1. In deg cm²/dmol and to the nearest 500, what is the mean residue ellipticity at 222 nm of chain A if only DSSP H runs of at least 4 residues count, each as -39500 (n - 2.57), divided by the residue total?
2. So what does log10 I(q)/I(0) come out to for the range A:1-62 at q = 0.16, 0.20, 0.30 Å⁻¹, using the Debye formula with one equal point on every Cα and no solvent?
3. Give me the percent relative contact order of the range A:5-100, please, defined on Cα pairs under 8 angstrom at least 6 residues apart.
4. Calculate the dipole size of the range A:5-100 relative to its Cα centre from +1 charges on Lys and Arg beta carbons and -1 charges on Asp and Glu beta carbons; express the result in debye to the nearest 20.
5. Whole-Å semi-axes of chain A's equivalent ellipsoid, largest first, each the root of 5 times a Cα gyration tensor eigenvalue?
6. Between the DSSP loop rule and a limit of at most 10 other Cβ atoms within 10 Å, which trypsin sites (Lys or Arg not before Pro) in the range A:64-109 are left?
7. Sort A:32, A:80, A:66 by Cβ crowding within 10 Å, fewest neighbours at the top.
8. Of the options A:32, A:56, A:92, report the single residue whose Cα projects farthest towards the positive end of the charge dipole of the range A:5-100 (beta-carbon charges: Lys, Arg +1; Asp, Glu -1).
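Just so you know, all these numbers are worked out from the coordinates, no wet-lab data involved. Everything numeric in this text was worked out from a predicted model, so none of it was measured. Glycine also receives a Cβ, built like all others from the backbone with ideal geometry; neighbour counts cover every protein chain displayed.
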Amino acid sequence: MKKSNFFEDVYDVVRLIPKGRVTSYGAIARYLGITKSARVVGWAMKSSHNDKSIPAHRVVNRNGILTGKHNFIGKKMDKLLKEEGIQMKNNQIINFNEVFWNPINELEL
DNA sequence: AACATGACAAGTT
DNA sequence: AAACTTGCCATGT
């Protein structure tokens, strides 16, 4: 394991996502100051399969679409989100704006 | 060792 | 306004 700082930071933020809330890769990336590296955030999630403590299902793209659902191992992403009270249709979060958890808005002082 | 791809997003044209 | 191009870090071939 390389344990790059980015991955570590990403994991930390993702783990801080409250239940019933979701966030986007870009939001995390931006919070970490790597706005353009949103891809790496997603890549980190993929690697997070090793870390089942990471609620990767709470992380979606900026459209609120579960882009990496097919990559998700184990239970269905949609089901997990629905269990948390998130309404979604066809892999897309309906009230994305309402459940969107922005780390910059919540963690930023 | 080098090239290509990947859970995205923002900037330009 | 819609579509195209660029940026970013890590991993796989």
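1. Numbers: 6 runs with 44 residues, N = 109.
Roughly -10500 deg cm²/dmol at 222 nm, from the helical runs in chain A.
2. Taken in order of the listed q values, log10 I(q)/I(0) reads -0.41, -0.66, -1.50.
3. Values: 119 pairs, mean separation 28.5, N = 96.
About 30 percent, as a whole number.
4. Details: 16 positive and 8 negative charges, 59 e Å.
Using only the charged Cβ atoms, the result is roughly 280 debye.
5. Details: eigenvalues 81, 54, 28 Å².
In descending order the semi-axes read 20, 16, 12 Å.
6. Working: sites: A:69, A:75, A:76, A:79, A:82, A:89; in loops: A:75, A:76.
Loop-located and lightly packed - A:75.
7. Numbers: A:32 19, A:80 16, A:66 23.
Neighbour counts put them in this order, fewest first: A:80, A:32, A:66.
8. A:92
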